[in-house]
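Quick notes on the structure that follows.
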Amino acid sequence: ENKKQNSELQKQNWGNSMWEQYELTFTHALPYRLENISITDLKKQSVDVRGQIKQIGNVNVNAVEEFRETKERYEFLTKQKEDIEKAEQSLIELINELMEQMKDIFITQFAIIAENFTHVFKELFGGGEAYLKLLDEENILESGIEIIAKPPGKKLQNMTLLSGGERTLTAISLIFGILKLKPSPFCVLDEIEAALDDANVLRFANYLESLSRETQFIVITHRKGTMERADTLYGVTMQERGVSTILSIQLEDVSEYIDQKKTS
């Protein structure tokens with residue numbers, strides 16, 4: 001009876017120990033039962049397993065939920081990444097297509113501007129030769145542009161080797177060549193002919209007058225030749241100290257006034 005009671009007590013203690021350590025009852029523990037194995041081996045195995053569990057550290061009871069949330073976020077970000085990569089590829093293809101169109105448009109428009117520049121140069125200089133040249137024809141959109149000019153009586157040379165007045169008139173030729181490509185409704189010129197001599201000022205003014213049929217020019221100037229070709233003159237005067245007054249006059253009115261004076 002004593003042995004039986006001791007056995008029952010030991011069985012109960014083992015049951016309590018299983019529950020405390022592994023949260024298993026005797027019935028639930030039966031599937032893990034091993035036959036013909038020594039207690040010593042089981043204790044050694046238990047020590048090894050406990051060591052492995054200790055190395056794992058504290059058990060995160062929220063690991064399953066966190067894994068689910070992390071997996072969902074990973075799948076969402078993966079899809080976003082794929083969408084971004086597809087959008088990037090589409091943009092690259094679009095950029096390449098636009099670059100090709102820009103090259104075609106630039107080549108066409110540049111050829112027209114170069115031809116206009118040559119014609120305008122000859123008209124303003126009364127002869128000579130000039131053309132535009134791309135420095136890097138393999139990389140058109142980033143290439144520099146060289147201006148080669150030959151005023152009458154001089155050899156063909158780079159624009160930088162010309163005199164100040166010749167450079168000014170060459171630059172004016174390029175501006176007018178661009179304007180001829182697509183005339184603007186109006187254009188403001190600020191003393192661009194200041195460095196020209198009187199003969200070239202007259203050529204500039206005459207050519208400007210021919211362009212005024214399509215573009216209205218607002219010219220800031222102190223040169224007499226340019227003012228003589230204007231339709232209307234505006235001036236600023238200071239009759240009193242610190243008080244500016246704007247005056248304007250139409251040259252047609254001046255001509256009529258002078259004719260009336262002569263008649264009277």
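The values are calculated or read from the model by the stated rules, or taken from the named source; none is laboratory data. From a predicted model like this one, the values you see are computed outputs, not experimental measurements. Cβ placement follows ideal geometry from the backbone for every residue including glycine, while neighbour counts extend to all protein chains displayed. Each accessible area value is taken on the protein alone, full model and side chains, heavy atoms only, with ligands, DNA and RNA left out. Shrake-Rupley method; radii C 1.70, N 1.55, O 1.52, S 1.80 Å.
Summary of values
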{"quantity": "Positions within the stretch 137-153 being in contact with an Asp or Glu (Cβ under 8 Å, 6 or more places away or on another chain) and surrounded by fewer than 14 Cβ atoms within 10 Å (Cβ to Cβ), in sequence order", "calculated": "Glu142, Gly144"}
{"quantity": "Filter result for Glu214 (of a type outside the set (Ser, Thr, Tyr) and closer than 23 Å to Ser184 by Cβ)", "calculated": "yes"}
{"quantity": "Options Ile147, Ile192, Ile105; residue that is in a helix (DSSP H, G or I) and either closer than 27 Å to Ala230 by Cα or of a type outside the set (S, T, N, Q) (or both)", "calculated": "Ile105"}
{"quantity": "Filter result for Gly177 (open to solvent by less than 30 Å² (accessible area, probe 1.4 Å) and either part of a loop (DSSP other than H, G, I, E, B) or modelled with pLDDT under 90 (or both))", "calculated": "no"}
{"quantity": "Among the residues listed as Ile218, Ile172, Ile258, Ile246, the single one being touching a Leu at 6+ places or on another chain (Cβ under 9 Å), farther than 28 Å from Gly128 by Cβ and either open to solvent by 80 Å² or more (accessible area, probe 1.4 Å) or in a helix (DSSP H, G or I) (or both)", "calculated": "Ile218"}
{"quantity": "Unique match (being within 19 Å of Phe121 (Cβ to Cβ) and either open to solvent by 70 Å² or more (accessible area, probe 1.4 Å) or assigned to a loop (DSSP other than H, G, I, E, B) (or both)) among Arg167, Arg213", "calculated": "Arg167"}
{"quantity": "Cβ-Cβ under 9 Å pairs, at least 6 apart or on other chains, the stretch 132-160 side over 23 Å from Gln101 (Cα atoms) and hydroxyl-bearing (Ser, Thr, Tyr), far side open to solvent by 70 Å² or more (accessible area, probe 1.4 Å) and modelled with pLDDT of 85 or more", "calculated": "Thr160/Arg167"}
{"quantity": "Residues of the stretch 14-47 classified as assigned to a helix (DSSP H, G or I) and either open to solvent by 80 Å² or more (accessible area, probe 1.4 Å) or in contact with a helix residue (DSSP H, G or I) (Cβ under 8 Å, 6 or more places away or on another chain) (or both), total", "calculated": "20"}
